[in-house]
Amino acid sequence: MRTLSKYILVLLLGACACLPAVANSTPIPAADQPRTMDQVIDRVVANEQRLYGQIRNYSPLVETYIQNLKPDKDLGQVPAGDKYFLGRANFSKGVSLVPLNDVSSKGRKMVGSIGNFFSFAMQFLPDGFLQMIFIDTNGFDKQHYKFDYVRREFLGEVRCLVFDVTPTDKNNHGRFLGRIWVEDQDYHIVRFNGAYSGNGHSSWYFHFDSWRTNVQPGLWMPTFVYSEEKDLHYAISKKLDFKAQTRLWGYNLGSAAKEEELSKILVETPVQDDTKTANDLSPIQAQRSWDRQAEDNITDRLERIGLMAPKGEVDKVLETVVNNLEVTNNIDVDPEVRCRVLLTSTLESFTVGHTIVLSRGLVDVLPDEASLASMLAHELSHVVLGHRVDSQYAFFDQILVDDKDTFRHFGFSRTPEEEAAANAKAVQILNNSPYKNQLGNAGLFLQALDSRQKEIPNLISGHLGNRVPQINDLKSMTPADPKANPQKIAALPLGGRVKIDPWTDKLELMKSKPVGAVAEREKMPFEVTPFMPYLTRFGGDGTKPVAASATAPQDVKPGQPPDPTKP
């Protein structure tokens, strides 16, 4: 029997253009450093053109989530409708996407493309948001743009040169107008902020803030785009207000697993016999083993296509909470319960046999460990009650499906009767757990979700499982007067807990500093917020990101460019 953790975990959860062909994608030698600002700009332009060629080799997953906004007298602006898109980028044909979630499954209407966002047929194009990962694929050079040096600035641990960029021909619509940040070692653009020229009443270009991540030595790939518009009038009495997040990950899908497996094979280790007994399995044991094989097949398939994160530290956090629930309730199931994380932003949870799956988006918005425990208790109840996985997935041919058919082929939602039984069992488990005196927090989370569900239906619509479980008994446990503690946060904004490595898909918990007093308008439950990643880069050994500099940059007088050869 496993032992109860000595402490309760404190969660640190915190339009389409063709790409030009590039003949030479070999990095410029680091020793060939520029000595004038013109040479710096030449290097920036060359690296940007090189990126457009390099990215043709990758097909990352792309997720765009949009929230329409409406004014609120107390909170400023709040969600008023949403849309969600998930697809795989195909850069070999320009900027294009293959949708993964535009399907129907078991009679349920799945979330479709960005189109039909508004009842009056205003449409968003997913390719348009993906376009924002590029500055200009057709003429980003000194002939078409003016570069004005601004200052040096740190983005995380990466020191950057900052330039304002303006088109030389202001009548040429579609050119980028804004600011770029260039890391000061190899001179790659790591961030750009602005809009494509022509933004306003006569066009559909939106403002955006686009970020790149150092995924490998010398390779900075697009990972985040935040877009926002307010009071954009496009028709008589019609106004556009929205916020949107676009995420990219899965650049090295498949390759990392192959390299890791090859490394294991090449390391000679004694072969151990893991057989527990010398006898054949009993019928019950054989059934359990068969179901476990189905679990493994499913999780392996979801991981290989980039929808599920590899095993990592976030799984261990979830499994520690599950262990606390099991020990205090004398639950001992065989095979043991495991936890995994779906990489999508939609809020959902489900079980695949004895594997509990929570989405990254759900982990992001849960405010504390008690709320997390309530979600895990519900899914653990499905395991305890014997709600099994479909054993057809133990046959390997049943998991060999095209990526675009994933959501049509796999489905782990439970019947209303199974959900009701799991809710009742979850309350019993929680009342015997270390979280029994904190269940009011979980109730506040569920109440907050109730109050916003009409405005964010696509965020809380599960792709593979059920929506967030509504445990009514927990809602009644909320404090009599939640306003008595104005600093209490019922639910967090999106993206506050978990960080994803866009190259390996591995997850880690964000270690954000406490922000002190939080105003009511700053709580933003379930809302889209800007990205502000802490950038790092690979060191000279090419093995891990290290700090770019331990000292602050030297002051530079206005109008005086820095000497790129000096630290």
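The values are calculated or read from the model by the stated rules, or taken from the named source; none is laboratory data. Owing to the predicted nature of the structure, the values given are computational and were not obtained by experimental measurement. Don't worry about glycine lacking a Cβ; one is built from the backbone with ideal geometry, like all the others, and counts go over all protein chains shown. Side chains are part of the model used for accessible areas, which takes the heavy atoms of the whole protein and leaves out ligands, DNA and RNA. Shrake-Rupley method; radii C 1.70, N 1.55, O 1.52, S 1.80 Å.
The aspartates and glutamates whose alpha-carbon is closer than 17 Å to the alpha-carbon of Lys93, local same-chain residues fewer than 8 away aside, are Asp127, Asp136.
If you count only protein heavy atoms with a 1.4 Å probe, what accessible area per residue comes out for the stretch 272-406, rounded to a whole Å²? Mind dumping the intermediate values first?
Numbers: 5250 Å² over 135 residues.
Per residue, the stretch 272-406 has 39 Å² of solvent-accessible surface.
Which value does Rg/Rh take for the stretch 359-446 over its C-alpha atoms, Rh per Kirkwood?
Rg divided by Rh gives 1.07.
Electrostatic bookkeeping for Val341 treats Lys and Arg as +1 and Asp and Glu as -1; over the other residues with beta carbon under 9 Å from its beta carbon, the sum is +1. Put simply, when 90-97, 369-376 are sorted by average Cβ atoms within 10 angstrom per residue, most first, you get 369-376, 90-97. At an R0 of 41 angstrom, the distance between the Cβ atoms of Ser282 and Asn437 translates into a FRET efficiency of 0.45.
Between rounded, prolate and oblate, where does the stretch 38-103 land on the alpha carbon gyration tensor, with a ≥ b ≥ c its root eigenvalues, rounded for a/c under 1.5, else prolate if a/b exceeds b/c? Cα axes put the stretch 38-103 in the oblate bin. Annotation: the antiparallel percentage among DSSP beta bridges lying fully within the stretch 335-417 is about 45. Are any of the pairs Lys70/Lys239; Lys70/Lys511; Lys311/Lys404; Lys316/Lys488; Lys230/Lys499; Lys230/Lys511 more than 20 Å apart by Cα-Cα distance, and if so, which? Over 20 Å apart, Cα to Cα: Lys70/Lys511; Lys311/Lys404; Lys316/Lys488; Lys230/Lys499; Lys230/Lys511.
Using a 1.4 Å probe, what is the accessible area per residue for the stretch 151-194, in Å²?
Values: 1610 Å² over 44 residues.
Per residue, the stretch 151-194 has 37 Å² of solvent-accessible surface.
Per residue, the convex hull spanned by the alpha carbons of the stretch 321-394 comes to 87 Å³.
What shape does the stretch 275-420 have by the C-alpha gyration tensor, where a ≥ b ≥ c are the square roots of the eigenvalues, rounded means a/c under 1.5, and otherwise prolate means a/b greater than b/c and oblate the rest? It comes out oblate by the Cα gyration axes. Over all other residues within a Cβ to Cβ distance under 13 Å of Arg292, the charged ones net out to -3, with Lys and Arg as +1 and Asp and Glu as -1.
Calculated FRET efficiency, Met37 and Val518, Cβ-Cβ r, R0 45 Å, to nearest 0.05? Please report the intermediate quantities before stating the final value.
Values: r = 43 Å, r/R0 = 0.95.
The value I calculate is 0.60.
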